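Visitor: Here it is, the structure in full.
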Ligand code: GLC
């Protein structure tokens, strides 16, 4: 059994850490301007102009069953959809606002269809809910808000009452956690209590954090409605999930004060934006996509990989291709991902390799980021391996112990050395995996 123990949290993370791989979905009105989900504030777009998106939002090609099937085929076990992003537009039929999809040409509850479709494919269902709201009339203007530079910003801010907004959030979270059956993840986003300095700084504008969100109450409510739910830390109150964003951690994330290992989930995008961004071209290569997943699991984490569907509701070809990369790889290599975690400390991966190990401790997986010529030399593994094979095709890999061959010198000749004989040409797999059955 794996010797790693993570910090206890209120939610049920057991299915989550066994799953390792999920789909993030950023979908909202911002898919129409198609130039980043922060477009409203980046371009300080006035309400009247942003209302055009509301007026014409018509996802006529929305087929969440297709999304769900693609997620499942890619090996993803859960999904998290933006029910409301910072723009404030609700993708569900809330009684507490008119700013919702049912009042656009979409005319239906898009969250409901997502939930039904993903559940039908056997995937766990999660909701992203933005704490920030650039539409709600009670949300005080701050340095991230689209109206921050308006000449009358200060006047506009008068009478905005954070308590009113906090109550609105509780009402909506109650709807989300009552009307859609069992919800597995609640992903709040995000707090910025101290960001009152820097390019956006402006004396009277204040950042927002747990006190402004009334986070204690919000979370208490969520837990009372869905006891096992996994909640992230971005209300600024520590819950189940640590969420490193757009970077690859170099070690298992630890609790700041206690040093305990924590449950973490990296979130990443296929290209440089979360929402659909037509003209963005920094799409990740197949190698990068697979390596991100492997790196994450090799450090005991989950990967939440983002898709930003178009405003018409379909996943564009570039995102489909990226999902297909995962599909091809996971269809034959998922055994090194599901129910796997960081390898025991006694095992150190050689250069250009990443290890994962099954939680039961019985199998060690070697991921080859660069393909070595003909031999893979693994220190510390002599005498410990019963059988070795390529994972993708289950073909035997012969190995020797102690040395590469009778001419080998130096480190290629060591008692603890295990030498795997590899075919000279890399198999046709983005990242080949060697499965070692331990004794
Ligand atoms: C950030 C961004 C946001 C995105 C999120 C995903 O906090 O504000 O646009 O939804 O990260 O992690």
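The values are calculated or read from the model by the stated rules, or taken from the named source; none is laboratory data. Computed from a predicted model, the values in this text were never measured in an experiment. Cβ placement follows ideal geometry from the backbone for every residue including glycine, while neighbour counts extend to all protein chains displayed.
Visitor: Tell me which residues, restricted to region 1-26, are touching a helix residue (DSSP H, G or I) at 6+ places or on another chain (Cβ under 9 Å), part of a loop (DSSP other than H, G, I, E, B) and closer than 27 Å to residue 63 by Cα. Spell out how you get there, then give the answer.
Guide: First, the residues of region 1-26 that are touching a helix residue (DSSP H, G or I) at 6+ places or on another chain (Cβ under 9 Å): 6, 10-11, 20-23, 25.
Then drop every residue that is not part of a loop (DSSP other than H, G, I, E, B), which leaves 10-11, 20.
Of everything in region 1-26, just one residue is touching a helix residue (DSSP H, G or I) at 6+ places or on another chain (Cβ under 9 Å), part of a loop (DSSP other than H, G, I, E, B) and closer than 27 Å to residue 63 by Cα, namely 20.
Visitor: Could you tell me whether residue 239 is within 16 Å of the ligand (Cβ to nearest atom) and free of Cβ contacts under 8 Å to residues at least 40 places away in the same chain?
Guide: Details: within 16 Å of the ligand (Cβ to nearest atom): yes; free of Cβ contacts under 8 Å to residues at least 40 places away in the same chain: no.
Spelling it out, it is not the case that residue 239 is within 16 Å of the ligand (Cβ to nearest atom) and free of Cβ contacts under 8 Å to residues at least 40 places away in the same chain.
Visitor: Just to confirm my filter: which strands (runs of 3 or more DSSP E) fall fully inside region 362-404 and include at least 2 residues that are more than 34 Å from the chain's Cα centre (by Cα) and without any contact (Cβ under 8 Å) to a residue 24 or more places away in the chain? Break it down stepwise before answering.
Guide: Details: elements: 363-368, 375-379, 385-390, 399-403.
Per the criteria, 399-403.
Visitor: Can you pull out every residue in region 271-302 that is crowded, with 23+ Cβ neighbours inside 10 Å and within 16 Å of the ligand (Cβ to nearest atom)?
Guide: Correct list: 274, 275, 276, 296, 301, 302.
Visitor: Looking only at residues that are surrounded by fewer than 19 Cβ atoms within 10 Å (Cβ to Cβ) and more than 13 Å from the ligand (Cβ to nearest atom) in region 184-198, which one is modelled with the highest pLDDT?
Guide: Per the stated criteria, the residue is 193.
Visitor: With respect to residue 181, is the statement that it is away from the ligand (no atom under 16 Å from the Cβ) and within 26 Å of the chain's Cα centre (by Cα) true? Break it down stepwise before answering.
Guide: Details: away from the ligand (no atom under 16 Å from the Cβ): yes; within 26 Å of the chain's Cα centre (by Cα): yes.
Against the criterion (away from the ligand (no atom under 16 Å from the Cβ) and within 26 Å of the chain's Cα centre (by Cα)), residue 181 qualifies.
Visitor: For residues in region 319-349 being in contact with a strand residue (DSSP E or B) (Cβ under 6 Å, 6 or more places away or on another chain) and farther than 18 Å from residue 18 by Cα, which is surrounded by the fewest Cβ atoms within 10 Å (Cβ to Cβ)?
Guide: Checking each candidate, the answer is 349.
Visitor: Search region 81-94 for residues that are without any contact (Cβ under 8 Å) to a residue 40 or more places away in the chain and pair each with any residue that is part of a strand (DSSP E or B) and away from the ligand (no atom under 12 Å from the Cβ) when their beta-carbon atoms are under 8 Å apart and the residues are at least 6 apart or on different chains.
Guide: So the pair list comes out as 93/100.
Visitor: Looking at residue 77, is it touching a strand residue (DSSP E or B) at 6+ places or on another chain (Cβ under 9 Å) and within 16 Å of the ligand (Cβ to nearest atom)? Before the answer, list the steps.
Guide: Values: touching a strand residue (DSSP E or B) at 6+ places or on another chain (Cβ under 9 Å): yes; within 16 Å of the ligand (Cβ to nearest atom): no.
In short, no.
Visitor: Please specify each residue of region 251-279 satisfying the condition of being free of Cβ contacts under 8 Å to residues at least 24 places away in the same chain and in a loop (DSSP other than H, G, I, E, B).
Guide: Let us first name the residues in region 251-279 that are free of Cβ contacts under 8 Å to residues at least 24 places away in the same chain, namely 254, 256-257, 259, 272.
The answer is 256, 257, 259, 272.
Visitor: Do we have residue 309 as buried (at least 21 other Cβ atoms within 10 Å of the Cβ), in contact with a strand residue (DSSP E or B) (Cβ under 8 Å, 6 or more places away or on another chain) and touching a residue at least 12 places away in the same chain (Cβ under 8 Å) here? Spell out how you get there, then give the answer.
Guide: Working: buried (at least 21 other Cβ atoms within 10 Å of the Cβ): yes; in contact with a strand residue (DSSP E or B) (Cβ under 8 Å, 6 or more places away or on another chain): yes; touching a residue at least 12 places away in the same chain (Cβ under 8 Å): yes.
When the stated conditions are applied, residue 309 passes them.
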